[in-house]
Structure formats: structure tokens, C-alpha cells
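Okay, so here's the structure we're looking at.
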Amino acid sequence: MIHGIDQSVGSPVALAGLGIYARIAMNDDVKIIWIADRLIESFGAPTVQPLDPIENLVLTILSQNTNDVNRDRAFESLMRQFGTLEKVREASQRDIASAIQIGGLQQQKSRSIREALDRIMNARGRLDLAFLEDLPLEDALSWLLALPGVGPKTAGIVLLFSFGRPVFPVDTHIRRVMIRMGLVPERGDPHPRLNRILPADSTLMQQLHLLAIRLGREVCHPRKPECERCPLRSECVWTQDHGSTSEDEVTSSIDKGGIHQ
Ligand code: SF4
């Protein structure tokens, strides 16, 4: 029992006096904590280092539609060319695009980075987001969402990992896992639903975010998920409906509408 959740909840239990077995379904708010606990038990609790908010913002914009390696290469290339994010803000969009080319979508990302840095500078007089720490959570979220290229995932990553504020960001891997676990529908933005059922516990959110991504990458693949070795299998709606063999039409419909910002 890790987060105060009885691990036996959701197991087949004998109904007293009836002599039959019945399945007691978990409520969604219990299930999501069970998921976090199972992932921590399986993978171990990840270490989380606070990230500089502006760097985190730029890195997350760079991560859209690419992998971590190319995101980091694009950021390193940006810093190698300009030295500081202040200099990036003063650079032309064309030069920024050229520096981050390795991460793909360089025109769109360079425009977002340049305009976001400009807006922060114009609003605050310097590249500093520390004021977000003292704003009510909804206001901090709205402020970030008003920046170009910033959606709920990017805003959530900045608030959760740079300020330890309890907002849960959802990427394409987390979305796929949560759909298959039956916690969010296949269509629509999963952020409101997952943020409603999760407790306002930033440590839990950070761990669940990192470990659900790991599960999505290593086990719960878009095609051919390896359900037989998945720690969430006993409560997974998808594997109960489909078995461990993937069906392309199901996975491809899940992958449509992935979260990129
Ligand atoms: S049991 Fe299979 S479909 Fe369900 S979360 Fe695990 S890997 Fe994904």
C-alpha cells in the first residue's frame, strides 16, 4: 500500500453469504492512484530535478513531434549558436530555425520560441517566469496558455516541473495508456478529466507523468502493446477487450489527435 490505496481493491472478491465471485470496479480516482503505485513498484520512483522555467518552456516547445534526443540536440545547437536565451530572443526567426533544424518543424517552433520569449520580455521586462509561483494556479495556467505555441501539455510541464505546482501534463504516450486503461475517452482533450480525478499532489503527478511515458514507450506501444509484461494489465480495459494482440484500426484511431503542445 503506497498512497493509502488497498492493493486488493479491484480484485475478484467473494461476496459474503452469496458464495459467488464478483468484480468490484475501482472508481477512476482510485484507479489512477493504483496506476501510479503499480508503475512506481515496477520501475522505481524517478528522481526529479527542478528545471529553469524558461529553459523548460523552450525545451518543451522543441520537444513537439520529436524524440528526446533530437529535442536535446536542437537545444544544444541553439545554445551553441546564441549562448543565451536573451540572445535567442534578439535573433531572427530564420537563424533560430536554422539552429533547431534537427528537431523538425523548425519554422513553427522558431516562431513560437521567438514570440514567446518576446512576450515574456515585454510583459516582465526580463526573461523570468518566477512570478508564476505566486499567481493562483488557474491564472498561472492561463498566462502560459496565452503564449504562442503553448498548449496544456507545455503549460503543465512548466508549472509541474519548474514550480512544483499540481497540474498534470499529458503527452501522446500518457494519453494512449489512459485511453486503454479506460480513464479518458478516445476523443477530446484528456487534460481536464485527468486533472479532475488526480489529487493535487505534485510529487505524485511528476512520478505518474514520467512513468506513464516510460510505460508507453517501453511496453504499451501504439501497435502491439506487450500486455503480458505490463504491470497495469489486471485493470486494463483495452487488454480485457482485445487481448494482448493489437488491432491496427484500434491503435491508429487512438493515435489520431495526439497531444503535441
Ligand atoms: S495491459 Fe496492454 S494495453 Fe493495457 S496499459 Fe498495459 S500494455 Fe497497454
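Of the listed requirements (1) under 19 Å from residue 235 (Cβ atoms); (2) assigned by TED's automatic domain parsing to the domain that holds residue 63, residue 136 misses just one: (1).
Annotation note: Cβ proximity below 6 Å between a residue of region 92-103 that is closer than 22 Å to residue 67 by Cα and a residue that is small (Gly, Ala, Ser) and crowded, with 22+ Cβ neighbours inside 10 Å (sequence gap 6+ or interchain) occurs for 96/110; 97/110; 100/74; 102/74; 103/74.
Of the helices (runs of 4 or more DSSP H) contained entirely in region 24-102, those carrying at least 3 residues that are β-branched (Val, Ile, Thr) fall at 28-43, 53-62.
Tell me the residue from 196, 176 that is away from the ligand (no atom under 16 Å from the Cβ), out of contact with any His (no Cβ under 7 Å at 6 or more places or on another chain), charged (D, E, K, R) and assigned by TED's automatic domain parsing to the domain that holds residue 237, please. Spell out the reasoning first.
Numbers: 176 fails: away from the ligand (no atom under 16 Å from the Cβ).
Checking each option against the conditions leaves just 196.
Could you identify the single residue in 140, 116, 123 that is over 19 Å from residue 74 (Cβ atoms), small (Gly, Ala, Ser) and modelled with pLDDT of 95 or more? Spell out the reasoning first.
Details: 116 fails: over 19 Å from residue 74 (Cβ atoms); 123 fails: modelled with pLDDT of 95 or more.
Every option except 140 fails the conditions.
Look at (1) of a type outside the set (A, V, I, L, M, F, W, C); (2) more than 16 Å from the ligand (Cβ to nearest atom); (3) at pLDDT below 95 and you find that residue 154 fails only one, number (3).
Yes/no per residue for (1) of a type in the set (Gly, Ala, Ser); (2) surrounded by 16 or more Cβ atoms within 10 Å (Cβ to Cβ):
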{"position": "96", "(1), (2)": "no, yes"}
{"position": "100", "(1), (2)": "no, yes"}
{"position": "103", "(1), (2)": "yes, yes"}
{"position": "123", "(1), (2)": "yes, no"}
{"position": "129", "(1), (2)": "no, yes"}
{"position": "133", "(1), (2)": "no, no"}
{"position": "138", "(1), (2)": "no, no"}
{"position": "144", "(1), (2)": "no, yes"}
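Find all pairs meeting these conditions: Cβ atoms under 6 angstrom apart; at least six residues apart or on different chains; first residue within region 212-239 and more than 6 Å from the ligand (Cβ to nearest atom); second residue of a type in the set (S, T, N, Q). Taking only residues 6 or more apart or on different chains, the pairs are 222/251; 223/246; 223/251; 224/246; 228/244; 231/42.
The values are calculated or read from the model by the stated rules, or taken from the named source; none is laboratory data. Here the structure is a predicted model, which is why all the values come from computation and not from measurement. Every residue, glycine among them, receives a Cβ derived from its backbone with ideal geometry; neighbour counts consider all protein chains shown.
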